[in-house]
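See below for the structure under consideration.
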Amino acid sequence: PWLRYVAANVRRLRERQGLTQEQFAGRAGAAPRYVQEIERARTNLSLKMLVSLADALDVDPRRLMRPAPPLTVARPGRPAHTRSRMGR
């Protein structure tokens with residue numbers, strides 16, 4: 001489950017700082033597509049990348065691995081829903 005925590009925390013912190021995925025990717029030294037995959041918890045990441053993400057967000061890397069509530073995803077024309085894979 002720690003990848004889901006990292007995904008939720010990265011996205012939440014990135015959005016809180018008003019960064020787009022592209023801006024954040026530039027800061028972290030990653031491709032924008034890789035950031036998308038991280039935020040969806042669909043890829044593994046190295047310890048080095050975890051540290052790079054934390055540095056780009058100016059937080060301690062441990063903060064990215066803290067338990068986090070599932071992401072709320074809003075889709076145009078549809079009410080927001082919660083995306084969680086905890087039960088799967």
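By how many nm would the segment from residue 44 to residue 22 grow when fully extended, if each residue of separation counts as 0.36 nm and the alpha-carbon distance is taken off?
Full extension from residue 44 to residue 22 adds 6.0 nm.
Please report the net charge: other residues with Cβ closer than 13 Å to the Cβ of residue 66, K and R +1, D and E -1.
That works out to +3.
What figure in square angstrom, to the nearest 10, would you give for the accessible area of residue 51 with a 1.4 Å probe?
Its heavy atoms expose roughly 60 Å² to the probe.
For the stretch 7-65, what does the accessible surface come to per residue with a 1.4 Å probe? Please give it in Å².
I get 55 Å² per residue for the stretch 7-65.
Residue 37: accessible area at probe 1.4 Å, nearest 10 Å²?
Approximately 40 Å² of residue 37 is accessible to the 1.4 Å probe.
The values are calculated or read from the model by the stated rules, or taken from the named source; none is laboratory data. Every value quoted in this text rests on a predicted model; they were computed, and no experiment measured them. A quick note on method: Cβ atoms are made from the backbone with ideal geometry, for glycine too, and the neighbour counts reach across all protein chains shown. When the accessible area is computed, the model is the full protein with side chains, heavy atoms only, and any ligands, DNA or RNA have been set aside. Shrake-Rupley method; radii C 1.70, N 1.55, O 1.52, S 1.80 Å.
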